[in-house]
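Following: one structure in structure tokens, then a few remarks.
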Amino acid sequence: MFNIESFGSGSGGNCYRITYKGQALIIDAGFRLNALRRKGFSTSNIKGVLISHAHKDHCAGVADLLKSGAVVYMSGDTRKALDLKYNFLCRPLNAGETVKIGEFKVKAFDLQHDVPNIGFLIKAGDNVIVYITDSYYCKYRFKGVTHMMIEINHSYETIERSLRAGTLNKALYKRLKTSHFSLENALKFIKSCDLSHLKEVRILHLSQDNGDAELFKYEVERLTGVLVSVER
């Protein structure tokens, strides 16, 4: 059985679980373990945890998961930022590297954020998942993808409107444009990939102030013709 679950998505915290053949792979851990357990999270069948980068909304629960005995994979830059140099359960996974984690095969690739960040191409049987968050651009193109987990944080229209209204300052406006996927850039990326096997798209990390869930869902559905959901 193959399944994808979200335990939260956005600036308040991000955490996802992919289950295949009774094994779980966790992507990002932006909540403390106690908070995750209140959401129905269990550590019993975890084969590995993938961490994209060192921002708290993606790694707040790393120390808890390591204490629970989970093996956590992250880039050298993220490991250094989190000061985990001497933790033997913390394993390196840098851009361009591939690792086998139980039934999962994971390849990391570099993304464009304001701190070092990686995305993941995950294979589980016939399922091929691309995970991208906190990046304004992705230079890679993927074939045979069945599931996309992709950030669409804002659109250029929504942040322009917020800037004019004075609800978004210029510094944050500039940061959003160079650190998070806009609707426009996300659509270009999706369109550039091989969609012949695509089954679903999950929209991640929607901005509370500058996201438009209904519009973003509609535009991705119109482009792909597959099931689209917005994770919260």
When only C-alpha pairs under 8 Å and at least 6 residues apart count, what is the relative contact order of the chain, in percent? 15
Excluding residues fewer than 8 places away in the same chain, name every one of the lysines whose C-alpha is closer than 21 Å to that of K21. K47, K100, K105, K107, K123, K199
If Y136, Y131 are ordered by their accessible area, calculated over protein heavy atoms with a 1.4 Å probe, which sequence runs from highest to lowest? Y136, Y131
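Heavy atoms only, 1.4 Å probe, whole protein assembly: order D134, D83 by accessible area, highest first.
D83, D134
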Using a 1.4 Å probe, how large is the accessible area of E103, given in Å² and rounded to the nearest 10? 70
Which percent of the accessible area of the chain is formed by carbon and sulfur heavy atoms (probe 1.4 angstrom)? 48
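Kindly provide the helix-only [θ] at 222 nm of the chain, computed as the sum of -39,500 (n - 2.57) over DSSP H runs of four or more divided by all residues, to the nearest 500 deg cm²/dmol?
-7000 deg cm²/dmol
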Only bridges whose two residues both fall in segment 100-232 count here: according to DSSP, what percent of them are antiparallel, nearest 5? 50
Is segment 87-129 rounded, prolate or oblate when judged by the Cα gyration tensor, a ≥ b ≥ c being the square roots of its eigenvalues, rounded requiring a/c under 1.5 and prolate requiring a/b larger than b/c? oblate
Probe 1.4 Å, all chains present, heavy atoms only: R202 accessible area in Å², nearest 10, is 40
Counting only the heavy atoms of the protein chains, how much of C193 is accessible to a 1.4 Å probe, in Å² to the nearest 10? 10
Ranked order, Y156, Y73, Y137 - accessible area, probe 1.4 Å, largest first: Y137, Y156, Y73
Given a 1.4 angstrom probe, what's the average accessible area per residue across the chain, in square angstrom? 47
Pop the C-beta distance of F88 and A171 into the FRET formula with R0 = 45 Å and round what comes out to the nearest 0.05. 0.65
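The values are calculated or read from the model by the stated rules, or taken from the named source; none is laboratory data. Since we're looking at a predicted model, the values are computed, not measured. We place every Cβ from the backbone using ideal geometry, glycine too, and count neighbours over all the protein chains shown. Keep in mind that these areas ignore ligands, DNA and RNA; they rest on the heavy atoms of the full protein, side chains included. Shrake-Rupley method; radii C 1.70, N 1.55, O 1.52, S 1.80 Å.
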